[in-house]
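Bear in mind these aren't lab numbers, they're just calculated from the coordinates by the rules spelled out. Worth saying up front: this structure is predicted, and the values here are computed from it rather than measured. Here the Cβ is made from the backbone with ideal geometry for all residues, glycine too, and neighbour counts use every protein chain on show.
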Amino acid sequence: MHRVFVSGLLPWIEPARLLGPGHWSVEARSAHTELPTHAAADLDARLRGVSIGGTALGFESQPPLPRTAVRAARTTDARRRRDGSVGFSRAGVRLDDEGKVSLTPEALALALGERFAGRTVVDAGCGAGGNSIGFARAGCRVVAIERDARRLADARHNANVYGVASQIEFVVGEAVAGAIRCADPEAVLFLDPPWGVDWDRGGMGLAAFPMLESVLAAGLPARYGATVVKLPPSFRVGELPGSRPEAVYGVGGGDSRRVKFLLLVVATRTGFG
Ligand SMILES: C[S@@+](CC[C@H](N)C(=O)[O-])C[C@H]1O[C@@H](n2cnc3c(N)ncnc32)[C@H](O)[C@@H]1O
């Protein structure tokens with residue numbers, strides 16, 4: 001058995017969800033338990049290089065893990081990543097390279113949509129429509145804004161594949177110019193700014209997200225009932241003071257203990273459903 005210590009757990013991270021089975025004792029920002037070698041090596045592989053909310057997770061094992069177990073666990077973890085959360089499950093969807101890498105997995109987009117059912121959602125920077133379609137399938141009326149006309153056409157096409165295009169108004173243009181037009185004070189502003197494929201797993205700040213900065217600078221959250229931002233797991237949450245962070249895990253077998261992204265509620269008048 002190995003005595004295992006994990007540090008860097010921010011208060012809004014559920015240790016059991018992230019760390020998996022084990023009788024975890026949690027104190028402040030750290031947790032410890034005893035695990036057999038293969039389980040300890042598995043955890044080491046999963047947490048290696050991971051920062052959540054801008055804080056790096058630390059892993060220690062006593063006695064140290066044998067190298068062979070570490071190597072085997074890393075290979076298994078790399079293989080497991082292939083069984084990740086599914087993007088769109090329906091055939092006939094259209095995605096360019098950026099649309100593909102930035103697509104919110106269907107199950108997660110739908111779960112998020114269900115929290116806003118019945119409300120109007122302005123999805124500023126909608127990409128190929130992963131979230132807009134999730135909101136619409138959950139019964140929201142959606143305004144989908146995208147600066148790239150071709151990607152917006154893909155979003156419309158994909159919404160047709162899912163039978164929800166009539167619930168979505170498609171607007172080509174800049175996030176701020178489009179989102180400022182919404183006159184419904186109960187509406188939800190949803191922002192999923194691009195992170196790129198090579199996003200920094202160690203920590204990212206506001207400066208990496210010009211679209212988000214421009215929306216905040218224009219004071220748009222004050223016009224909406226709630227503003228929700230989707231950001232990479234490593235986002236330094238302290239750079240959005242007063243926001244409430246939440247870790248969203250994957251749903252595929254290989255993803256269920258992996259934080260796929262953070263949701264930050266930047267400002268809210270009517271609550272987060
Ligand atoms: C991460 S992707 C959105 C992915 C989408 N949530 C999904 O699940 O399919 C971000 C999108 O925002 C668009 N974008 C970036 N800056 C923008 C801006 N200032 N105004 C409008 N769209 C913008 C990009 O072209 C990109 O398609």
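Observations on the model:
- Segment residue 96-residue 183, length gained on full extension (0.36 nm per residue, minus Cα span): 28.1 nm
- Inter-probe distance in nm under a simple model that places probes 7 Å from Cα toward Cβ, at residue 149 and residue 217: 2.6
- With both labels modelled 7 Å from their Cα along Cα-to-Cβ, the residue 89 to residue 111 distance reads 1.4 nm.
- Cut-off 11 Å (backbone N to label point 7 Å along Cα→Cβ of residue 62), residues of segment 5-48: 5
- Segment residue 79-residue 199, extension gain: residue separation times 0.36 nm, minus the distance between their alpha carbons: 41.1 nm
- Counted by Cβ distance under 14 Å from residue 62, the other residues give a net charge of -2, where Lys and Arg count +1 and Asp and Glu count -1.
- FRET E, pair residue 160, residue 206, Förster distance 41 Å, beta-carbon r, rounded to 0.05: 0.70
- Karplus-derived 3J(HN,Hα), 6.51/-1.76/1.60, for each residue of segment 187-196, Hz, glycine and proline x: 5, 9, 9, 10, 10, 10, x, x, 10, x
- Share antiparallel - DSSP beta bridges, the chain, percent rounded to 5: 60
- Low-density loop positions, trypsin sites (Lys or Arg not before Pro), segment 178-235 - DSSP coil, at most 16 other Cβ in 10 Å: 181, 201
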